[in-house]
Each structure stands twice: as C-alpha cells, then as structure tokens.
Amino acid sequence: KKTIMLFGAMHATQDLNKGWHLLRQALEGACQNKMFLRDVELVVFGDNGTLGAELPLTVRFAGEVRDDGMLRRLYSAADAMVVPSLQENFPNTALESMACATPVVAFRQGGMAEIVRHGESGYLADPYVSEDLARGLLAVQDQGTQARWACRSLDIVQQGLTAGHMVRNYQSLYE
C-alpha cells in the first residue's frame, strides 16, 4: 500500500512561507531510504505547478481546491498532512487534517504545538531543519505509527479544538 502524504495551501509551492523548499529538501533526504522512495506519493493541492518533477518520488498536483467536500476527501485519503510553514499562528490545514483523522508532520513553531502533540498525533520537527522533517516523514510511513497518530489526532480535535470549544474559550476570556 502506498503512503499518501498531502501538502497544500493557496499557492503552495510559490509562497515561500509555506515551506515548499524545506519540504523538498526533506523529501530528498527521506528518499535516500529505498522503502520510502518506493512506497510514498506526495499529493499537492492549492497549486497547478510542476515543481515536483525534480523529486525522485511520485508527485501529483490536485490544483486549487475550493470545495470543502473535496478538501475533506483529500485529507481523509491521505496518510499524513505535511505543514512545513515558516510561520503560522493556528494553521487550518493542520486542524482540518486532524479532524479527518490524518496526522500532521510539521515544524514546531507558532501555534503548531497547540494543535499537534509530538509523537502522539504527529511529528513536530525542529524549526526549519529539513533533516528533522524527513525523520517525521519516515516515522509516519510506518503503518502502526500512522494508525495510532490518526486515532489520537481525531481525539485531540474532538476533545478541545472544535469550533464549540473555541467559542466557549473566547466567551470565558471575555467574561
């Protein structure tokens, strides 16, 4: 079974802040592992680019996704969501992915640590260290790890990151 890794944002490969250049380095490093190279595909949404052509693994571009149902299907079909952003406050892609029981591999920066629990619902790499991001990509390729992280991802969202939880937290703050 192929491991599907998902990466996406508006202008995903063109916006420097989204970290495509660091993801590309991490993928090149992970592809030194022959099993990773053989068993992993990357799906990119939010771009119609061809920037994956230089990578040694299969890269598919889903283009812009404006339909919530299609986005849910992408998240749910993936084995992991990669969010290599240079800075994010509370990234929707990570939260939406986890709500679809898809673990996240990202850099430990900004609000990412509020969403992803390292080693529990995903992997938080040292900020901007592509070699550490590659370790996260390799870790989530293991089906047992991926399954545990997927279950815990959904639990974390349901237990404290739903819109209802956030509204109650804001109400409490304002009171």
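The values are calculated or read from the model by the stated rules, or taken from the named source; none is laboratory data. Nothing here was measured: the structure is a model prediction, and the numbers come from that model. For neighbour counting, all protein chains shown are included, and Cβ atoms are generated from backbone atoms with ideal geometry for every residue, glycine included. Side chains included, ligands, DNA and RNA excluded: accessible areas come from the protein's heavy atoms. Shrake-Rupley method; radii C 1.70, N 1.55, O 1.52, S 1.80 Å.
In this simple spin-label model, placing a label point 7 Å from the Cα along the Cα-to-Cβ direction at both Asn48 and Lys1 gives a separation of 3.4 nm.
Taken over the C-alpha atoms, the stretch 5-69 has Rg and Dmax values of 11.9, 36 angstrom. Computed extension length for Ala77-Thr58: 5.2 nm, one decimal, from 0.36 nm per residue of separation with the Cα-Cα distance subtracted. With K and R counted +1 and D and E -1, the other residues having a Cβ less than 12 Å from that of Leu95 yield a net charge of -3. Projected onto their three principal axes, the Cα atoms of the stretch 39-102 cover extents of 31, 26, 25 Å, largest first.
Working from label points 7 Å from Cα in the Cα-to-Cβ sense, the Asp39 to His165 distance is 3.1 nm.
What the Cβ-Cβ distance of Leu173 and Arg66 gives, at R0 = 22 Å and to the nearest 0.05, is a FRET efficiency of 0.10.
By the gyration tensor of its Cα atoms, with a ≥ b ≥ c the square roots of the eigenvalues, what is the shape of the stretch 19-175: rounded for a/c under 1.5, prolate for a/b over b/c, or oblate? Since a/c reaches 1.5 and a/b is larger than b/c, the shape of the stretch 19-175 is classed as prolate. The residues of the chain expose on average 50 square angstrom of accessible surface per residue, using a 1.4 Å probe on protein heavy atoms.
Between the residues Gly69, Leu23, Ser85, the greatest Cα displacement towards the positive end of the dipole of the chain, with unit charges on the Cβ of Lys, Arg, Asp and Glu, is found for Gly69.
Roughly speaking, to the nearest percent, how much of the stretch 12-89's 1.4 Å accessible area is carbon and sulfur?
Of the solvent-accessible surface of the stretch 12-89, carbon and sulfur hold 47 percent.
I'm checking a number: the convex hull volume of the Cα atoms of the stretch 66-118, normalised per residue, in Å³. What is it? All intermediate terms of the calculation are to be shown ahead of the outcome.
Values: hull volume 3.9 nm³, N = 53.
Dividing the Cα hull volume of the stretch 66-118 by its residue count gives 73 Å³.
When only the Cβ of Lys, Arg, Asp and Glu is charged (+1, +1, -1, -1), the dipole of the stretch 49-175 relative to its Cα centre reaches about 240 debye.
Report the Cα centroid-to-centroid distance between the stretch 131-174 and the stretch 1-66 in angstrom, as an integer. Here the two parts' Cα centres lie 21 Å apart.
For the stretch 118-134, 3J(HN,Hα) computed residue by residue from phi via the Karplus equation (6.51, -1.76, 1.60; θ = phi - 60°) reads 4, x, 10, 10, x, 10, 10, 7, 4, x, 6, 9, 4, 5, 6, 4, 4 Hz, glycine and proline entered as x.
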